[in-house]
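Asker: First the structure, which I've put down as structure tokens, then a few questions once you've had a look.
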Amino acid sequence: MNKNNEVSGLPKLAKSIIWMINFGYLGIQIAFTLETSQMSRIFQTLGADPTKLGWFFILPPLAGLVVQPAIGSLSDKTWAPKLGGRRLPYLLIGMIFAVVMMLLLPNIGNFGLGYGSIEALVFGAIAIAILDVAANMAMQPFKMMIGDMVNDEQKSYAYGIQSMLSNSGAVIAAFFPFLLTVLGVANTAEKGVVPQSVVISFYVGAVILVITSLLTVTKVHEYDPKTYARYHGIKEEDNKKDGNWFVLLKHAPKVFWEVSLVQLFCWFSFQYLSTYATGAIAKNVWRAVDPASSGYQLAGNWFGVLTAVQSIAAVIWSYVLAKVPNDHHKLGYGISLLLGAVGYGSIFFVHSQNLLILSFVLIGMSWAAMNTYPLTMVSNALSGKHMGTYLGLFNCSICLPQIIASLLSFVLFPLMKYSMPAMMLTAGVSGILAAVCVLFIKETYQN
């Protein structure tokens, strides 16, 4: 919505179309959640040194720093109606590569590369990087299509549907290994081999990703360049010139940078959650440190359940945040991040399996804010020019913090005496800093 609360020139869409614009996001989030919730477990099962896990988390965001802006910039200038239009061709490409990696990744231990061998770990790192890049490539079109096709009046509804589908996908993915174990699928395997509960979870996730992505591709019809320009009040050639990334960043609205600072500390916290939470829970609750032990694998499953709890809390809290008036966005953002900081830090102190549920409810509230406010605040300050490029560049505020956090882990982890629970306390401190930085955001709206 612009400063004068005027509705944009975009037409009103049927709710069914808005659902289809977002539907593939369900499958994408399943892929992402399987990656984030099981990555640490897979690498440690393959024999990775837990003190060196940070290396395996650097490559994906490093690739994302280049891929995300590139996809945004390329799709701004793309028009391929036979492949869907402007953004959808990149969804198709990303989906195909993501599916291939989801089939390969959990089977690395069966390739005879050897437990703890450099070949197995490098193969795993490359597979994770490709999966992350592909999933991000497939995810970006959903974010950009709302900006392209949905008018200001319906935008909050559209992002609400996207958030709901995203967190629903996270719930489904997080429960997969736990549910399969309950149904009798093996949750342990021989040394160096990923359990079948994880392997089958990736297979099912790949199938869902294909189905949901194809539904979006076949049901959504993007606006051609001429229509897009007319609806957004810009010239057709505006997205074809002055697309230099450094020039665009130089002219980026101030809120772009203010929100990016908040993102820095938010993603520090989330990176350490992905890297160390399974080990922290295994040590505090199951007193297990050996990744091959049944206790450690149970902790991995429980972390998946807790990730589902986080996502359910995020769905509910997103509904609450949707009711927050525009002039109280900063309040909702800051409080949510502060509650999340308490959740991250509490993992250090909690030794009860069930009490961890409360920790992840608080993290889920923070996660809801991380998925709601940054994009809203930045997109409100943008025009229709170079929409994809700007959103791709803004995605670097997610990728770069992950790289910095991973590099810092090589200093912080030894300082914490190689304690994974202590790293969760570090995540809590970072969450507090994120909440403080919200105070310095000054929201702007595009005329």
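Asker: If 224, 76 are ordered by their accessible area, calculated over protein heavy atoms with a 1.4 Å probe, which sequence runs from highest to lowest? Can you show the working numbers first?
Answerer: Numbers: 224 60, 76 5 Å².
So, going from the largest accessible area down, we get 224, 76.
Asker: Under 15 Å between alpha carbons, and skipping anything fewer than 8 positions from residue 241 in its own chain: which aspartates and glutamates qualify?
Answerer: By straight Cα distance, residue 241 reaches 76.
Asker: Using only the Cα atoms, what convex hull volume per residue in Å³ does the range 15-232 have?
Answerer: Per residue, the Cα convex hull of the range 15-232 comes to 119 Å³.
Asker: Now a separate question. Could you report the accessible area of residue 144 in Å², rounded to 10, computed with a 1.4 Å probe on the protein chains as they sit in the structure?
Answerer: 0 Å²
Asker: Sticking with this structure for a sec: Mind jotting down a quarter of the surface of the convex hull over the alpha carbons of the chain, in square nanometres, one decimal?
Answerer: Numbers: hull surface 77.5 nm².
Average of the hull's projected areas for the chain equals 19.4 nm².
Asker: What is the sum of charges around residue 20, taking Lys and Arg as +1, Asp and Glu as -1, for the other residues whose C-beta is under 13 Å from the C-beta of residue 20? Intermediate results must be reported in sequence, preceding the final value.
Answerer: Details: positive: 15, 219; negative: 222.
Surrounding charge for residue 20 is +1.
Asker: Tilt of helix 15-45 relative to the longest C-alpha principal axis of the chain, in degrees (0 to 90, nearest 10)?
Answerer: The helix 15-45 is inclined about 30 degrees to the chain.
Asker: Report residue 199's accessible area, 1.4 Å probe, all protein chains in place, as a number in Å² to the nearest 10.
Answerer: Probe radius 1.4 Å; accessible area of residue 199 about 0 Å².
Asker: Roughly what angle does helix 59-77 make with the longest principal axis of the chain, taking Cα atoms, 0 to 90 degrees, to the nearest 10?
Answerer: 20 degrees
Asker: In what order, largest first, do 327, 132 sit by accessible area if the probe radius is 1.4 Å? Mind dumping the intermediate values first?
Answerer: Numbers: 327 125, 132 20 Å².
Descending order: 327, 132.
Asker: Right, next: Pick out which of 409, 346, 383 has the largest mean-square fluctuation in a Gaussian network model of the chain, springs linking Cα atoms closer than 10 Å.
Answerer: Judging by the Gaussian network model, the answer is 383.
Asker: Where the accessible area of the range 358-417 is counted over protein heavy atoms with a 1.4 Å probe, how much of it, in %, is carbon and sulfur? Numbers along the way, then the final one.
Answerer: Values: 1320 of 1810 Å².
Heavy-atom surface of the range 358-417 belonging to carbon and sulfur, 1.4 Å probe: 73 percent.
Asker: Name the long-range amide H neighbours of residue 80: under 5 Å, sequence gap of 5 or more, or other chain; modelled H, no Pro or chain starts.
Answerer: Counting only residues 5 or more places away or on other chains, the set is 85, 86.
Asker: Once the mean 1/r over all distinct Cα pairs of the range 245-440 is inverted, what Kirkwood radius in angstroms do you read off? Intermediate results must be reported in sequence, preceding the final value.
Answerer: Numbers: mean 1/r = 0.0575 Å⁻¹.
One over the average 1/r among Cα pairs gives 17.4 Å for the range 245-440.
Asker: Once label points are set 7 Å from the Cα along Cα→Cβ at both residue 100 and residue 218, what is their separation, rounded to one decimal in nm?
Answerer: 2.3 nm
Asker: Going down the list 283/323; 12/385; 143/283; 219/250; 77/155, which pairs span over 29 Å between their C-alpha atoms? Mind dumping the intermediate values first?
Answerer: Working: 283/323 40 Å; 12/385 21 Å; 143/283 38 Å; 219/250 37 Å; 77/155 23 Å.
Checking Cα-Cα distances, 283/323; 143/283; 219/250 exceed 29 Å.
Asker: Next question, about the same structure. Please compute, over every Cα-Cα pair in the range 147-246, the percentage with a separation greater than 16 angstrom.
Answerer: Numbers: 3642 of 4950 pairs.
Percentage above 16 Å: 74.
Asker: Any chance you could run the full-extension gain for residue 249 through residue 410? It's 0.36 nm times the residue separation minus the Cα-Cα distance, nm to one decimal. The partial results should precede the final answer.
Answerer: Details: separation 161, 0.36 × 161 = 57.96 nm, distance 3.06 nm.
Residue separation times 0.36 nm, minus the Cα-Cα distance, leaves 54.9 nm.
Asker: Calculate one ³J(HN,Hα) per residue across the range 253-265 by plugging θ = phi - 60° into the Karplus curve 6.51 cos²θ - 1.76 cosθ + 1.60, and present them in order as whole Hz with x for glycine and proline.
Answerer: Ordered by residue, 3J(HN,Hα) equals x, 4, 5, 4, 7, 5, 5, 4, 5, 4, 4, 3, 6 Hz.
The values are calculated or read from the model by the stated rules, or taken from the named source; none is laboratory data. Everything numeric in this text was worked out from a predicted model, so none of it was measured. Using ideal geometry, Cβ is built from the backbone for each residue, glycine included, and neighbour counts are taken over all protein chains shown. For accessibility, only protein heavy atoms count, side chains too; no ligands or nucleic acids. Shrake-Rupley method; radii C 1.70, N 1.55, O 1.52, S 1.80 Å.
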